[in-house]
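Step one of this worksheet: look at the structure below.
Bear in mind these aren't lab numbers, they're just calculated from the coordinates by the rules spelled out. From a predicted model like this one, the values you see are computed outputs, not experimental measurements. Quick reminder, even Gly has a Cβ in these numbers, built from the backbone with ideal geometry, and neighbours come from all protein chains shown.
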Amino acid sequence: MSGIKSFFNGIFSIFKSKKDIKLGFYGPPNAGKTSLANRICKDFTGEEIGKVSKIPHETRSVQFKEKVEISYKGKKMVFKMIDTPGIATKIDYEEFLKYKVKKNEAKKRAKEATQGVIESIKWLDDMDVVVVVLDATENPYNQVNITIIGNLAARKIPVLIVANKIDKRKADLKKVQAAFPEYDVIGTSARYGKNLDKFYESIFKLTKKI
């Protein structure tokens, strides 16, 4: 009996060791979560994960790509990349009207985006590592950012904070670093692929904490 048990334990450990690391992208709307996830997926799989738009809440449901093998300095790791809708405390359909979206479509988008926020929070329990993407041109001291970070801290999920859009003149990396001194904060430009080496280095380091 003990021999059979050892056999199944061995099989289980093999499957467990081959488990893809669930890497989630979280943050407020339009911070560049999907742009960053797209660039990584394109680099390593040749395909993007989702659509990008200037209209807030373009991503309104959780989307993911399986088996993304990332190589960095001779090391390889396989990730399940999970891109989530932007977290917001309130989503008003009038927000979409500013972008010339028709009223009925705006109401539909607002409803979908609200459901997307709920879905994103539920997915937190499945995450191994989370990248919180913030817009480096915006004030990091706000309720949404604090809520996201607080939820991750409560779940003891390893976190990397990305201050995106550092290619823009108003970007302030130091302000983001000062807001979250207990975390690794790196500046990137998903648009131009800036500092991705630093991003991969930090992600590989965080996986050791799983």
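Side notes on the structure shown:
- Long-range tail of P(r) for the chain (Cα pairs > 29 Å, %): 27 percent
- Phi angles of the range 40-47 translate, via the Karplus equation with coefficients 6.51, -1.76, 1.60 and θ = phi - 60°, into HN-Hα couplings of 5, 4, 5, 4, 10, 10, x, 10 Hz per residue; Gly and Pro are given as x.
- Per-residue ³J(HN,Hα) for the range 124-130, Karplus 6.51 cos²θ - 1.76 cosθ + 1.60, θ = phi - 60°, Hz, x for Gly and Pro: 3, 5, 9, 7, 9, 9, 10
- Set Lys73/Lys205; Lys80/Lys168; Lys76/Lys205; Lys90/Lys165; Lys107/Lys165; Lys170/Lys205 screened for pairs whose C-alpha atoms are more than 20 Å apart: Lys80/Lys168; Lys90/Lys165; Lys107/Lys165; Lys170/Lys205
- Note on Leu134, Leu36: ascending count of other Cβ atoms within 10 Å places them as Leu36, Leu134, the fewest first.
- Distant-in-sequence amide contacts of Lys194, defined by a placed amide H-H separation under 5 Å and a gap of 5 or more residues or a different chain, comprise Ser189.
- For the chain: relative contact order, % (alpha-carbon pairs under 8 angstrom, 6 or more apart): 21 percent
- Working from label points 7 Å from Cα in the Cα-to-Cβ sense, the Glu112 to Thr207 distance is 3.3 nm.
- When the P(r) is computed for the range 158-210, the part past 17 Å accounts for 37% of the Cα-Cα pairs.
- Net length gained if the chain between Val78 and Asp197 were fully extended (0.36 nm per residue, minus Cα distance): 41.2 nm
- In a fully extended conformation the segment linking Lys174 and Thr147 would gain 7.7 nm over its present Cα-Cα distance, using 0.36 nm per residue.
- Normalising the Debye intensity of the range 96-195 to I(0), with uniform scatterers on Cα atoms only, and taking log10 at q = 0.14 Å⁻¹ returns -0.67.
- Here each label is just a point 7 Å from Cα along the line to Cβ, and for Glu105 and Glu47 those points are 2.7 nm apart.
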